[in-house]
Amino acid sequence: MRPKQWIKNGFVLGPLVFSGEFLDVGAIGCALSAALLFCLASSASYIVNDIRDIERDRRHPRKSQTRPLAAGVISVQIALALLFAIYGALIWGWFAAPDAALVIVCYMLLNLAYTFVLKHQPVVDIFTIAIGFVLRVYAGATALAVPVSAWMFVTTLCLALYLAAVKRRQELIQSGAEGRKVLEKYSVSLIERYAEMSATAALVFYGMFVMSAKPQLVITVPLVLFGLFRYWYVVEELDSGESPTDSLLADWQLLLTIVLWVGACCWALWPVRG
């Protein structure tokens, strides 16, 4: 189920912050419900992926130790039972939050396509990962019934492309094609250009979003810039980045930057009472 990876579902809460609804108890409940459903959906996708790749993972130096199926910690039968239990919970979630659930179904179908086909296609694999983050944001907006700026969508896409490209770079450097077949079709220099272009685009689009839609958020731009710089430092100098979540949780400066960014956003967007 990879609970550490649930931190990615924080993207679902983005619309809650940017819509200024973060003081509304009902809105908070809807956003958290959508995030919880995404945690279940992503867990189901991870289980399917790990069952599909169990033999390859057993030959991988790190995954053979960290993934329960490959490491023999749990059996395929138990994993399947857990998978069906999660599917049952998601069916209940469909009735609890039908609008957000429809987006989550799209996310799960995308991940199934990724597991069996798309992750073997160069460039397509990176974009598939990134689209998953865009769907998280869309699910959060749908749960709250609030519009989301097109700038926010394209910024999320570019940031996710950056993270996915860096992940592929580190996988290629640390494990080569043994870890993932699609890596045979990449080179480090190519992926680095992808990452640099995506990071630059994310910063530019975020700045345009701020200036055009939320000028009060201009104070957050330096934090975003520092976060991009720090993450690349962690990847390049500390040899991390194969798992963006692990990189985040292991670096206190990245964690602090995100906390400060969220705090600055909430402060800047705090509703003014007349």
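Just a few scattered comments:
- Some residue of the stretch 90-105 being aliphatic (A, V, I, L, M), surrounded by fewer than 18 Cβ atoms within 10 Å (Cβ to Cβ) and in a loop (DSSP other than H, G, I, E, B): no
- For M108, the criteria (1) of a type in the set (A, V, I, L, M, F, W, C); (2) under 26 Å from E192 (Cβ atoms); (3) in contact with a helix residue (DSSP H, G or I) (Cβ under 8 Å, 6 or more places away or on another chain) hold in every case but one, which is (2).
- Check on Y206, buried (at least 19 other Cβ atoms within 10 Å of the Cβ), closer than 14 Å to W151 by Cα and under 19 Å from the mean Cα position of the chain (by Cα): yes
- Scanning the stretch 63-92 for residues that are in contact with an Asp or Glu (Cβ under 9 Å, 6 or more places away or on another chain) and small (G, A, S) gives S64, A70, A71, A79.
- Lone unmet requirement of (1) surrounded by fewer than 17 Cβ atoms within 10 Å (Cβ to Cβ); (2) within 24 Å of K214 (Cα to Cα) for P3: (2)
- Selection status of P122, part of a loop (DSSP other than H, G, I, E, B), surrounded by fewer than 16 Cβ atoms within 10 Å (Cβ to Cβ) and modelled with pLDDT of 90 or more: yes
- Checked against (1) part of a helix (DSSP H, G or I); (2) of a type outside the set (F, W, Y); (3) more than 15 Å from the chain's Cα centre (by Cα), L110 passes all but condition (3).
- Candidates L225, L217: the one that is assigned to a helix (DSSP H, G or I) and over 15 Å from S149 (Cβ atoms) is L225.
- Helices (runs of 4 or more DSSP H) (entirely within the stretch 1-87) containing at least 3 residues that are closer than 27 Å to K181 by Cα and in contact (Cβ under 8 Å) with a residue 12 or more places away in the chain: 25-52, 54-58, 68-71
The values are calculated or read from the model by the stated rules, or taken from the named source; none is laboratory data. Quantities reported herein were computed from a predicted structural model and do not represent experimental measurements. Positions of Cβ are generated from backbone atoms using ideal geometry, with glycine treated the same way; all protein chains shown enter the neighbour counts.
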